[in-house]
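No value in this document is a laboratory result; all are computed from the given coordinates. All values reported here derive from a predicted model rather than from experimental measurement. Glycine gets a Cβ as well: all are built from the backbone with ideal geometry, and neighbour counts include every protein chain shown.
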Amino acid sequence: MRDFNPQEMANTAWAFATAGHATPALFDAMVAEAARRVRDFTPQNLANTAWAFATADHSASALFDALAVEAASRVRHFNPQDMANTAWAFATAGHAALALFDAIAAKAARRVRDCNPQNLANTAWAFATADHAAPAFFNAMAAEAARRMRHFNPQEMANTAWAFATAGHAAPALFDAMVAEAARRVRDFTPQNLANTAWAFATADHSASALFDALAVEAARRVRDFNLQNLANTAWAFATAGRVAPALFDALAVEAASRVRHSNPQEVANTACAFATAGHAAPALFDAIAAEAASRVRHFNPQEVANTAWAFATAGHAAPALFDAVAAEAARRMRDFNPQDMANTVWAFATAGHAAPAVFNTMAAEAARRVRHFNCQDMATTAWAFAAADALLLESSLFDQRFARRCETLADEFSVVSLYQLHQWRLWYAGERGCSDALPGAALLARCAAAFRASEVTISGLQMQVAEPLVSFWLPVQEEVVIAEGYSLDLVIDCGGSQRIAIEVDGPSHFAGGAKGRYPTGATLLKRRQLEHLGWRLVSVPHWEWDALRHANRSTQHRQRFEYLGSCLGIAAVSLGLAEGAAASHDD
């Protein structure tokens with residue numbers, strides 16, 4: 001190798017890397033010699049050598065260090081392709097070179113007009129991958145790329161969109177220019193181009209209905225050609241963008257379910273989260289994920305553990321074996337969870353109504369130690385989860401003065417949802433559990449109560465169906481009664497004196513598993529428990545029991561509903577009969 005001149009070394013490395021022919025001994029021999037003589041390399045030799053070692057995935061820290069110093073000092077002599085290839089190589093190799101990237105950014109920003117679309121896309125990709133801020137370059141590139149977007153091929157478009165989204169650099173004019181061009185040529189996109197483009201627009205939060213529609217049709221048609229990461233990223237993108245694409249999600253679900261055994265933990269967690277976020281029912285996919293994740297959860301990192309549990313709870317998909325496996329793993333590794341992962345995990349167990357005392361115990365101890373690092377959402381989510389699970393741990397000091405002070409510190413940052421959750425926590429902690437010595441200040445608690453009372457109320461068709469026969473009984477029925485503690489009750493019957501009956505009409509959203517579910521969600525159980533603690537006699541009318549009373553003959557249906565409600569309310573049949581007779585007389 002010492003007999004090779006710089007051009008010959010660079011060309012040899014380039015040739016073996018391009019051919020994909022592994023020759024570690026050759027590359028090892030080249031490292032020391034190239035690093036020693038790097039000052040004799042031309043800009044193209046520097047760029048091609050870096051590109052070759054990155055492409056061959058051959059570790060060579062000393063060589064990259066030498067190349068970085070030399071290239072940074074001579075970047076003014078680099079042409080656009082040399083700059084792009086050098087930046088791409090260092091980003092791909094994951095080799096930090098701050099001075100080099102700064103030098104390339106400065107020159108590239110001035111020379112964007114001399115760059116072809118591939119140079120622009122690759123340079124932007126490199127800076128985004130290396131996580132190196134270069135606002136001047138991204139601004140200059142955005143303007144130039146928007147002007148020449150029709151000359152970009154599909155991969156260059158997808159890489160450019162991905163780079164700007166990953167870098168978090170807003171470029172609305174560029175994304176607008178990309179929308180029409182990408183939608184028009186979407187059939188020329190590879191599966192990875194389709195997935196990356198959807199991911200980029202969702203991540204950048206850039207509205208592009210026409211593009212998402214075109215991507216949905218094309219992705220659904222070619223979903224079998226997607227790899228596992230493309231499947232997960234596409235589902236995530238459409239869910240995050242809030243795009244309704246049932247045909248695409250159906251196709252993704254079938255394909256993902258058939259390949260879940262070959263998915264890595266991140267792909268499993270991301271796919272579950274995407275379908276849960278989109279609210280798209282996919283029972284076969286969730287069953288497949290549950291079985292696979294339960295057997296491999298020890299290989300999931302904390303975020304993947306938390307996100308998987310969150311997804312199943314959000315989707316309302318029952319998976320007891322998975323939750324048991326997650327519980328064991330989360331309890332064992334709680335110290336490795338960040339505050340968001342901790343909060344999401346206990347929220348998932350509380351929402352799913354899955355008992356996991358070890359999880360709540362270890363989380364309480366860990367959260368108490370790190371409560372100052374919890375943000376407002378973590379605080380409210382955690383508080384609500386303990387309330388819903390009724391998990392007061394006497395040996396834990398989680399809800400002490402430190403918790404109260406942290407709430408006060410974050411008081412101005414709580415969202416309406418977080419205030420809502422904190423109010424339910426207070427009803428549990430101070431009301432049900434009688435622990436009022438470590439509550440946040442009165443002003444914050446008043447805001448929580450006000451937010452809870454002001455929550456939007458909707459009257460479902462099912463609720464109106466249940467109310468109708470009660471009114472026909474001439475019973476004193478009130479709808480949507482807001483009580484002092486802030487809860488809104490679907491129906492209330494005043495039985496005279498201090499006796500009142502609350503009727504909750506529970507549709508599918510009140511049960512885990514949706515329309516087929518029979519076990520109440522954590523939120524439903526919490527409301528029932530707190531109302532009973534407040535002294536209400538509570539009657540639940542589950543949707544499936546009411547639906548079973550449908551009959552083609554209206555008279556028969558009325559009688560069946562009449563008898564069902566009488567049974568639920570515990571009112572003597574003769575009393576209801578008199579009430580029905582009175583109503584009939586009145587109608588006459």
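Helical runs assigned H by DSSP (4 residues or longer) give the chain a calculated mean residue ellipticity at 222 nm of -20500 deg cm²/dmol, each run adding -39500 (n - 2.57) before division by the residue total. Only Cα pairs under 8 Å and 6+ residues apart enter the sum, and on that basis the relative contact order of the chain stands at 6 percent. Estimated from the Cβ-Cβ distance and a Förster radius of 22 angstrom, the FRET efficiency linking Ala523 and Ala365 is about 0.30.
Starting with the highest mean, order 219-229, 190-200, 244-254 by the number of other Cβ atoms within 10 Å, averaged over the residues of each peptide. Don't skip to the answer; put the middle values down first.
Details: 219-229: 17.5, 190-200: 24.3, 244-254: 19.5.
Per-residue Cβ counts within 10 Å, averaged per peptide and sorted highest first, yield 190-200, 244-254, 219-229.
The residue among Trp310, Ala467, Ala17 whose Cα reaches farthest toward the positive pole of the charge dipole of the chain, with charges on the beta-carbon of Lys, Arg, Asp and Glu, is Ala17.
Considering only Cα atoms, the convex hull volume of segment 35-99 works out to 71 Å³ per residue.
What's the extension gain from Asp412 to Asp287 if we count 0.36 nm per residue and subtract their Cα-Cα distance?
Working: separation 125, 0.36 × 125 = 45.00 nm, distance 4.14 nm.
Full extension of this stretch gives 40.9 nm more.
Once the Cα-Cα distance is subtracted from the 0.36 nm per residue extended length, the Gln401 to Glu532 segment shows a gain of 44.3 nm. Sketch the reach of a paramagnetic label on Ala442 as a point 7 Å from Cα along Cα-to-Cβ, and name the residues of segment 407-427 whose backbone nitrogen lies under 14 Å away. Under cut-off, by backbone N: nothing.
Could you check what % of the DSSP bridge pairs in the chain are antiparallel, to the nearest 5? Numbers along the way, then the final one.
Details: 11 of 17 bridges.
Restricted to the chain, the bridges split so that about 65 percent are antiparallel.
Spin-label model, Arg296 to Asp494: label points 7 Å out along the Cα-to-beta-carbon direction sit 6.1 nm apart.
What is the fewest-to-most order of Leu322, Leu392 by other Cβ atoms lying within 10 Å of their Cβ?
Working: Leu322 25, Leu392 17.
The fewest-first ordering by Cβ neighbours comes to Leu392, Leu322.
Legend: calculated FRET efficiency, Cys568 to Ser258, from the Cβ-Cβ distance at R0 = 35 Å, rounded to 0.05, equals 0.20.
Each of Ser509 and Ala62 was given a label point 7 Å from its Cα along the Cα-to-Cβ line. The distance between the two points is 6.5 nm.
Enter the per residue convex hull volume of segment 247-319, computed from alpha-carbon coordinates, in Å³ rounded to the nearest integer. Display every interim value, and only then the final one.
On the way: hull volume 5.2 nm³, N = 73.
Looking at segment 247-319, the number lands at 71 Å³ per residue.
Simple point charges give the picture: +1 on the Cβ of Lys and Arg, -1 on the Cβ of Asp and Glu, and for segment 340-455 a dipole about the Cα centre of about 180 debye.
To the nearest 0.05, how large is the calculated FRET efficiency for Gln118 and Asp3 if R₀ is 35 Å and r is the Cβ-Cβ distance? Walk me through the numbers before you get to the answer.
Numbers: r = 35 Å, r/R0 = 0.99.
The pair Gln118/Asp3 has a calculated efficiency of 0.50.
Sorting Tyr429, Tyr519 by the number of Cβ atoms found within 10 Å of their own Cβ, with the fewest placed first, yields Tyr519, Tyr429.
Where a ≥ b ≥ c are the square roots of the eigenvalues of the C-alpha gyration tensor, would you call segment 316-474 rounded, which needs a/c under 1.5, or, failing that, prolate if a/b is larger than b/c, or oblate?
Values: a/c = 2.18, a/b = 1.33, b/c = 1.64.
Oblate, since a/c reaches 1.5 and b/c is not below a/b.
Translational diffusion of the chain was estimated from the Stokes-Einstein equation, with Rh taken as the Kirkwood radius over Cα pairs; at 4 °C and 1.567 mPa s the coefficient is 46 µm²/s.
Dipole of the chain computed with +1 at Lys/Arg Cβ and -1 at Asp/Glu Cβ about the Cα centre; of Ser207, Trp162, Val371, farthest Cα towards the positive end is Trp162.
In this simple spin-label approximation, Asp213 and Ala32 carry label points 7 Å from Cα along the Cα→Cβ vector, and these lie 6.5 nm apart.
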